[in-house]
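Worksheet: one structure, shown below.
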Amino acid sequence: MRNFNTGKENTWCPGCGNFGILATVKKAINSLTDGGIPLEDIVITCGIGCHGKIFDYLNISGIYGLHGRALATAEGIKLANPRLKVISFGGDGDSMGEGLEHTLFAAKRNIDLTLILHNNGNYGLTTGQASPLSKIGFKGLSTPQGNIERPFHPVNLLMEAGASFVARGYSAKMEHLQQLIIKGVQHKGFSFIEVLQPCVSYNNTYELYNAHCQILDTIPPDEETARALAKDEEHIYLGIFKQEERKEYCDLLMA
Amino acid sequence: MEKVYNIIVGGKAGEGVKKAAQVIAHIAMAAGKYVFQNDDYQSLIKGGHNFSLVSISDNPIYNSYFKVDIIISFDDRSIRTHRDKLLPGGLHFVNQDDAASKDEHMISLPLSSLMKKLYSNPANVSLAATGIFAALTGISQAELEAIVRKEYRNNTEENLRFAIAIYDLCITQKHEFALKLNYAKGAIGTFHSGNQLIALGALAQGLTHYFSYPMTPASSILHYLALKKESHKVYAVHAESELAAANMAIGAAFAGARTAVGSSGGGFALMQEAFSFAGMAEAPLLCFLSSRPGPATGVSTYTAQEDLFFALNQGHGIFPRIVASPDSFERAYSLSAELMELAWEYQSPAILLTEKHLSECSANIDLTSIALPKPFEQPSESEAVYKRYAITESGISPLKFPGKGNCSPDDVIKWCSHEHLETGVRTDEPDAMIAMKDKRLCKGQSLIEGTKKYQRVAFYGTEGPLVFAYGSTALELRELMKYYPLRLVVPIYLEPFPYDELAWYRGQEAIVVEHAAQPHFAEFLRQKLGIISRGNILRYDGRSWDTFELLNVIEELQDA
Ligand SMILES: Cc1ncc(C[n+]2csc(CCOP(=O)(O)OP(=O)(O)O)c2C)c(N)n1
Ligand code: SF4
């Protein structure tokens, strides 16, 4: 088992959900390489935010890109060398705000990449402003009176945009998340994995998630059911909401 | 002096005006002539007024003439717009079915009615221009048939009947036209627009991925490359935005692909952050910036040189970059290739700055006579562990590509938009920051040496007033130099600036010609060389110069 350490000092807040994601990603990559994917074929990109620091904590090739643009960068990599397995890490401000266009278009194209969305419901690195996924009423530096904008439902948004693999995990349910990441990377087409990631400093959601998260036993039979399950607030469902075979962008382009 | 024959073809958008002009140019080219085509069109799809100028000569032509020997007007608006441009003894052919303003000197042809008679589904009258031109220049009917078959692929039988009917009409009318063509003579070079040459230059140097979002006048690079997918193994990707295009290009370069992006000013305004990213990550990002009048949306289908300082200052922060502007069709090809090579050798962003005039004018170019750069040598690695940003004497770190031949399984290749250590891992330590900034600046010094392999300044003419220009303005000036001597100095490389080559001109007086509302290029020359402008010739109506009009302006300045 490789530890992928770079020696870079970790500067996430103690207790941050990102630790769980980092440890899980390491395990997932280890099982992917054990399963026969050469490590040198795995490449990462990330946006800017607390999530992006994962780049420094993984001794794996890749690009530490621009805020919001990591997925576009990842698409360029994939187009230049379709053999590479590209995993992109985004924040909810990053991939659902600044760079939403790239997220939707990568899904539309069904390009064979995996986006891991660190959903902490706020802009962590810039000290807790509301994000496109913040709940109504969220109080942050830019919304001291409470967020007045309705958040996106990322799972539903991405299903509609055309992602062929859509899943949700939780940073504290590491074994489950590990399987989602493995399946997402193995899936041929665009894989979107929303990871619920508590931010202990600005949006501590551990209690909420621990009380309400529930793992789906099976993939919902159709998108309508999937959408209803994804929006359920009583139970926060984790698992794969959609997995379908659809022609992949690079294959189509290079046919 | 060899005569230059000039023709205007005018009509509505969607009528095939540009195509008609192109066919005329192709016919003249096949007869061994040099041609130059300049299209004036509006940002609309149907209607309005479009016209094209075709010039034909036994010598290379660098620019258009707005006083012409032949006018072919497909509608009344064309008659009204161009009637004053006919030279004495010239011929103005009009479509008598749409010619309210015609006079007795004009030659009437029943274009629309004939078309209605001959076609089950009337198409574009502009095909008539081929028949008219063939009749005037002594092309045989058999040759005309071959031309129509080759140039107009749909409705061939109807097209042939129509073109021949027009041809016969013109033959019986017995018009006098001095230019006679030997169609079988054989063409000099191939017919290309500036944008096609930019694309071909990059392809010659290994371009495999082009990322772009449509914006006139750069769009035709995207369109042209999209057609070259099979023949040249190149992928032209229409991205969701310019931001996407530039970030994709950086990703593709990371994986070892030679890439480029292209747009006009507005699109590059959106790419600024990615341009800086390329500077920081040391990504070879080749950019084609084709200017149109600004600011903002500006005027999309006309020419301007307003983006000089914008190109020079593209992106935020301090980092080495290359900016160069082609002064001719040949240079569009060679410079695109050079910049690709320099971008990769020095792992830096490079901008080929051009403008609508060169991007979209066409001429015959002999590509085989143009020297292309030799592939540079990759610096060899010295250290056991690969470091993406290894500090070296030249400032250039060795490049490796994930999953490619030169890469071992243990190599970790990290590109970084944040300030970083040699490994590509982020840092904010003061010493490490200085070390990496100095490395990039040192690379900038090496880059200056690197550009010296190529022609950085073009000098035309040995006597007459000293004139400075850049980009396609040099073409306009070179055409008038057939009639009036100038010492024309054209910096091709604008950054790094070729101080050494231009040292002799320091502090001299010169005329400065540019397509801008304020003398930015003159200001640039003052800053770089202390050039004292004794006259700024500015044009900012989006139009290119008529050769003789520009000549008059220069003469007046000389006499003043
Ligand atoms: C173009 C640009 N705008 C703004 C910023 C500043 N910035 C850095 S991170 C960030 C938001 C981070 O939020 P998110 O993407 O949710 O990531 P998190 O920190 O929560 O992981 C912003 C606005 C930037 N780096 N670049
Ligand atoms: S601010 Fe939030 S997201 Fe960022 S490191 Fe701290 S806990 Fe994690």
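In table form, for the structure just shown:
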item	result
Among residues of segment A:113-136, those that are out of contact with any Lys or Arg (no Cβ under 9 Å at 6 or more places or on another chain), part of a strand (DSSP E or B) and within 11 Å of ligand 2 (Cβ to nearest atom), counted	3
Test result for B:T451, crowded, with 17+ Cβ neighbours inside 10 Å and among the β-branched types (V, I, T)	yes
When residues of segment B:129-148 are limited to those that are under 18 Å from B:V17 (Cα atoms) and not small (G, A, S), the one surrounded by the most Cβ atoms within 10 Å (Cβ to Cβ)	B:F133
Hits in segment A:63-92 (condition: crowded, with 24+ Cβ neighbours inside 10 Å and either in contact with a Lys or Arg (Cβ under 6 Å, 6 or more places away or on another chain) or more than 7 Å from every other protein chain (Cβ to nearest Cβ) (or both))	A:G68, A:A70, A:L71, A:K78, A:V86, A:I87, A:S88, A:F89, A:G90, A:G91, A:D92
Of all residues making up segment A:152-179, the number that are in contact with a Gly (Cβ under 8 Å, 6 or more places away or on another chain), open to solvent by 10 Å² or more (accessible area, probe 1.4 Å) and outside any strand (DSSP E or B)	3
Elements of type strands (runs of 3 or more DSSP E) contained in segment A:186-247, each with 3 or more residues being surrounded by fewer than 22 Cβ atoms within 10 Å (Cβ to Cβ)	A:213-215, A:236-243
Sole exception among (1) open to solvent by 10 Å² or more (accessible area, probe 1.4 Å); (2) touching a residue at least 40 places away in the same chain (Cβ under 8 Å) for B:S359, by number	(1)
Condition met for A:S95 (touching a residue at least 12 places away in the same chain (Cβ under 8 Å), within 14 Å of chain B (Cβ to nearest Cβ), more than 21 Å from A:K26 (Cβ to Cβ) and among the small types (G, A, S))	yes
Candidates A:T127, A:T143 - the one that is within 16 Å of ligand 1 (Cβ to nearest atom), open to solvent by 10 Å² or more (accessible area, probe 1.4 Å), on the phi > 0 side of the Ramachandran plot and of a type in the set (S, T, N, Q)	A:T127
Which numbered condition B:N154 fails, given (1) assigned to a loop (DSSP other than H, G, I, E, B); (2) surrounded by 13 or more Cβ atoms within 10 Å (Cβ to Cβ); (3) of a type in the set (S, T, N, Q)	(2)
In segment A:83-112, residue nearest to ligand 2 (Cβ to nearest atom) [restricted to those that are part of a strand (DSSP E or B) and either closer than 30 Å to A:P144 by Cβ or touching a Pro at 6+ places or on another chain (Cβ under 8 Å) (or both)]	A:G91
Count of segment A:45-56 residues which are at the interface with another protein chain (Cβ under 9 Å from one of its Cβ atoms) and either open to solvent by 10 Å² or more (accessible area, probe 1.4 Å) or away from ligand 1 (no atom under 15 Å from the Cβ) (or both)	2
Pair list, Cβ under 9 Å, 6 or more apart: segment B:407-436 residue in contact (Cβ under 8 Å) with a residue 60 or more places away in the chain and more than 9 Å from chain A (Cβ to nearest Cβ), other residue part of a strand (DSSP E or B) and among the charged types (D, E, K, R)	B:E419/B:R426
Residues within segment A:1-18 that are near ligand 2 (Cβ under 9 Å from one of its atoms), out of contact with any strand residue (DSSP E or B) (no Cβ under 9 Å at 6 or more places or on another chain) and open to solvent by less than 80 Å² (accessible area, probe 1.4 Å), tallied	3
Residue check, A:L39 more than 14 Å from chain B (Cβ to nearest Cβ), out of contact with any strand residue (DSSP E or B) (no Cβ under 9 Å at 6 or more places or on another chain) and hydrophobic (A, V, I, L, M, F, W, C)	no
Search result, residues across segment B:229-273 that are hydroxyl-bearing (S, T, Y) and in contact with an Asp or Glu (Cβ under 9 Å, 6 or more places away or on another chain)	B:S241, B:S263, B:S264
Selection from segment B:32-82 of residues that are surrounded by fewer than 20 Cβ atoms within 10 Å (Cβ to Cβ) and acidic (D, E)	B:D58, B:D76
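The values are calculated or read from the model by the stated rules, or taken from the named source; none is laboratory data. Computed from a predicted structure; not experimentally measured. So basically every Cβ, Gly included, is an ideal-geometry build from the backbone, and we count neighbours across all protein chains shown. All accessible areas refer to the heavy atoms of the entire protein, side chains included, with ligands and DNA or RNA removed. Shrake-Rupley method; radii C 1.70, N 1.55, O 1.52, S 1.80 Å.
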